[in-house]
Amino acid sequence: MARSFAGAGTALVTPFTKTGSLDEPALRRLVRRQVEARIDVLVPCGTTGESVTMSAEENARVVAITLEESGGKVPVLAGAGGNDTRAVVERAKAMAALGAHGILSVGPYYNKPTPEGFYRHFATIADAVSVPVVVYNVPGRTGSNIDTKTQLRLAAHANITAVKEASGSFTQVMDVLRDRPEGFEVLSGDDANTIAFMALGGQGVISVAANQVPGPMHDLVAACARGDFAEGRRIHYRLLRLMNVNFMESNPIPVKASLAMMGLCEESFRLPMCPPTEATREALRVALGELGLLPRA
């Protein structure tokens, strides 16, 4: 049976030092905090992890540390995406060789593949690795949507086991949920849509907010999974302001700034990511304060 990536997964932030190098001690602390909060899946080296501004060696180091600190308690779904299929294959092989339990691969950006190009890209990656592949559809960042027919064609591949769906189209999501093969998982790529995804039959979320609130995001998804949508709604609305503030500017700017406010890492970005505006900072302070996440003076 294929490994499941259902539940609440955290799209991990990658902490950097003030001088811009990988902050390994902070990363270890962040991963341990996630595991202690009962998060279901760890997802290093994705968009939230600023993987595109890290070297291959740095990406590998982040995944290795995540695996080490999680100690087999939580599956690690390593990011390996890009717009050069050959390069992505090599990256995915490297992540699998480290021991990653699966590969999350974003749709190719900038070169705008056709549906056939999308299919061949992901099928080539899935053919090249022994661990399962999760397709990531986020047209707002890539410029191209992986349409329903292509997602369902990919779902028939034996080594493509899930999709992280962030198209924003519930029509597309419902069509995939209705027609997917048995066992194929559909995960929300947007925190605020998690409860709706699960009401429609989805299996969870790969979450940005779980960096800040891993326990509550786990509880939200667990409540929905057992059919307790009243409890799910209670948690959802408690976290909604934070979920929305996290996207006032390009991810991961707000979430990393908030983790710095919480004392969990430095507020250090690699260009073209840069610090948030003061308006975003104030909105973050309000959202974090409501949840009791700011350190006492």
Just how large is the dipole of the chain about the Cα centre, in debye to the nearest 20, putting +1 at every Lys and Arg Cβ and -1 at every Asp and Glu Cβ? 180
For segment 173-294, the Cα-Cα pair-distance distribution in 5 Å bins from 0, as whole percents, is 2, 12, 21, 20, 16, 13, 9, 6, 2, 0
Keeping the other protein chains in place, figure out the carbon and sulfur percent of the accessible area of the chain, with a 1.4 Å probe. 52
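Could you work out the mean projected area of the convex hull around the alpha carbons of the chain, in square nanometres to one decimal? Spell out each step's value before the answer.
Values: hull surface 56.9 nm².
Its average projected convex-hull area is 14.2 nm².
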Å² per residue, accessible surface of the chain at 1.4 Å: 42
Backbone HN-Hα couplings from phi across segment 27-36 [Karplus 6.51/-1.76/1.60, Hz, Gly and Pro as x]: 4, 4, 5, 5, 5, 4, 4, 5, 4, 5
For segment 79-181, what is the Kirkwood hydrodynamic radius in Å, using each pair of distinct C-alpha atoms? 13.4
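Give the shape of segment 40-108 as rounded, prolate or oblate, defined through the alpha-carbon gyration tensor: a ≥ b ≥ c are the square roots of its eigenvalues, a/c under 1.5 means rounded, and otherwise the shape is prolate if a/b is larger than b/c and oblate if not.
prolate
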For a quick check of your reading of the filter: which trypsin sites (Lys or Arg not before Pro) in segment 209-239 sit in a DSSP loop and have no more than 16 other Cβ atoms within 10 Å? R226
Under 8 Å for C-alpha pairs, at least 6 residues apart: give me the relative contact order for the chain, rounded to a whole percent. 19
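Starting from the eigenvalues of the Cα gyration tensor, five times each then square-rooted, give me the equivalent ellipsoid semi-axes of segment 216-269, largest first, whole Å. Please report the intermediate quantities before stating the final value.
Details: eigenvalues 148, 26, 14 Å².
For segment 216-269, the ellipsoid semi-axes come out as 27, 11, 8 Å.
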Loop sites in segment 113-146: chymotrypsin sites (Phe, Trp or Tyr not before Pro), DSSP, at most 15 other Cβ within 10 Å: none
Let a ≥ b ≥ c be the square roots of the eigenvalues of the Cα gyration tensor of segment 4-44; is it rounded (a/c under 1.5), or, if not, prolate (a/b larger than b/c) or oblate? prolate
Round to a whole angstrom and tell me the spacing of the C-alpha centers of segment 52-85 and segment 195-244. 25
Return an integer: the convex hull volume of the alpha-carbon atoms of segment 1-82, in Å³ per residue. 97
I need to check one value: relative contact order of segment 1-140, counting alpha carbon pairs closer than 8 Å and at least 6 residues apart, in percent. 21
Quick query: amide H of L104 versus all other amide H atoms, modeled in the peptide plane; which residues come in under 5 Å with a sequence gap of 5 or more or a different chain? A78, G79, A80, V134
Once phi is turned into θ = phi - 60°, what whole-Hz ³J(HN,Hα) does the Karplus curve with 6.51, -1.76 and 1.60 give for every residue of segment 187-195, x standing for Gly and Pro? 10, 6, x, 10, 3, 5, 9, 4, 5
For the chain, what is the calculated [θ] at 222 nm in deg cm²/dmol (nearest 500), taking -39500 (n - 2.57) for each run of four or more DSSP H residues and dividing by its residue count? -14000 deg cm²/dmol
Using only the alpha carbons, work out the radius of gyration and Dmax of segment 18-141 in angstrom. 14.5, 44
Once the dipole of segment 160-297 is set up with Lys and Arg at +1 and Asp and Glu at -1 on Cβ about the Cα centre, which of V213, P295, A192 lies farthest towards its positive end? P295
With x for Gly and Pro, the residue-by-residue ³J(HN,Hα) of segment 109-124, computed from phi through the Karplus equation 6.51 cos²θ - 1.76 cosθ + 1.60 at θ = phi - 60° and given in whole Hz, is 9, 6, 7, 6, x, 6, x, 5, x, 4, 4, 5, 4, 5, 5, 5
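The values are calculated or read from the model by the stated rules, or taken from the named source; none is laboratory data. Given the structure is predicted, the values throughout are model-derived calculations rather than measurements. All Cβ positions, glycine included, derive from the backbone under ideal geometry; neighbour counts span all protein chains shown. Areas reflect the complete protein model, heavy atoms only, side chains present, ligands, DNA and RNA absent. Shrake-Rupley method; radii C 1.70, N 1.55, O 1.52, S 1.80 Å.
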